[in-house]
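The values are calculated or read from the model by the stated rules, or taken from the named source; none is laboratory data. Remember, predicted model here, so these are calculated numbers, not experimental data. Neighbour counts run over all protein chains shown; Cβ positions are idealised from the backbone, glycine included. Just the protein is used for accessible areas: all its heavy atoms, side chains included, with ligands, DNA and RNA removed. Shrake-Rupley method; radii C 1.70, N 1.55, O 1.52, S 1.80 Å.
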Amino acid sequence: MFGFMKKMTQLLPKHSTLPGRDAQMPVPEKHFVSGHALKAPFPEGMQLAQFGMGCFWGAERIFWQTPGVYSTAVGYAGGDTKNPSYEEVCSGFTNHTEAVLVVFDPKHVSYEQLLKVFWESHDPTQGMRQGNDRGTQYRSGVYTYSDVQARVAEASRDSYQRALTAAGRGRITTELLAAPEFYYAEDYHQQYLAKNPDGYCGLGGTGVRYAS
């Protein structure tokens, strides 16, 4: 039906994407590293953030190691296929990007601090790729859960663009959208680099520091 790991360079019209399914992906109840809940409900006061920044294995590890983050999960977001599989996302026929759901305590880490981690941990100027990982599923994205998050994300993008420009780097291609539905990825992808410490991580930042 489709070639595995097809390297799409642009998003497809919605009518050309795969339909998906109603059944949700089963995932563990608890985070492999922290032991906290992987899915809602989360403790009172926790907030959500959602980021796409290339291969989600390394991206998730960066955030679960960030102080103030309560839980993380990997999944698929920003596309059209309902409850997709990893193989479907890699085919390029879902329009999803690999994403990380971050559950954080705003009393201990701010949303802007998470954005600093996001901007500095990948190259947001690469369009439909991240390093050697190519395809629409590796595009950069910030998916916001409130108007406040949207304003902070836009301001942080503009600030980081100024820093990138000063360093002679290109234009940011990160998409900033209201948070779409987050579809959890398969069990074996969750906290993958904790289960497989020598596993692949293709993330690499630009070396340009973020300053608000």
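Numbers below:
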item	result
Protein-only accessible surface order, largest first, of 80, 22 at 1.4 Å	22, 80
Pairwise Lys count, the chain - Cα closer than 27 Å, eight or more residues apart or different chains	16
Equivalent ellipsoid dimensions for the stretch 86-212 as semi-axes, Å, which come from the Cα gyration tensor, largest first	23, 18, 16
Computed accessible area, residue 147, all protein chains, 1.4 angstrom probe, square angstrom	120 Å²
Relative intensity, log₁₀ I(q)/I(0), of the stretch 38-140 from a Debye sum that treats every alpha carbon as a point, q = 0.16, 0.18, 0.24 Å⁻¹	-0.68, -0.83, -1.24
For the chain, calculated [θ]222 nm from helices alone, where every DSSP H run of n ≥ 4 adds -39500 (n - 2.57)	-6500 deg cm²/dmol
Over 12 Å [Cα-Cα, the stretch 114-172], rounded percent	69 percent
Cα centre as origin, Lys/Arg/Asp/Glu Cβ charges: the chain dipole, Debye	540 debye
Average accessible area per residue (Å²) across the chain - probe 1.4 Å, nucleic acids and ligands excluded	47 Å²
The stretch 30-110 - charge dipole about Cα centre, Lys and Arg +1 at Cβ, Asp and Glu -1, debye rounded to 20	240 debye
Most positive-pole-ward Cα, 205, 50, 24, against dipole of the chain from beta carbon charges	205
Principal semi-axes in Å for the stretch 17-95 [√(5λ), Cα gyration tensor, largest first]	25, 15, 11
Inter-part distance where the stretch 79-105 and the stretch 17-61 are each reduced to a Cα centre, Å	11 Å
Compactness of the chain, expressed as Rg and Dmax over alpha-carbon positions, Å	16.2, 48
Furthest towards positive pole of dipole, 179, 137, 127, structure part the stretch 117-197, Cβ charges	127
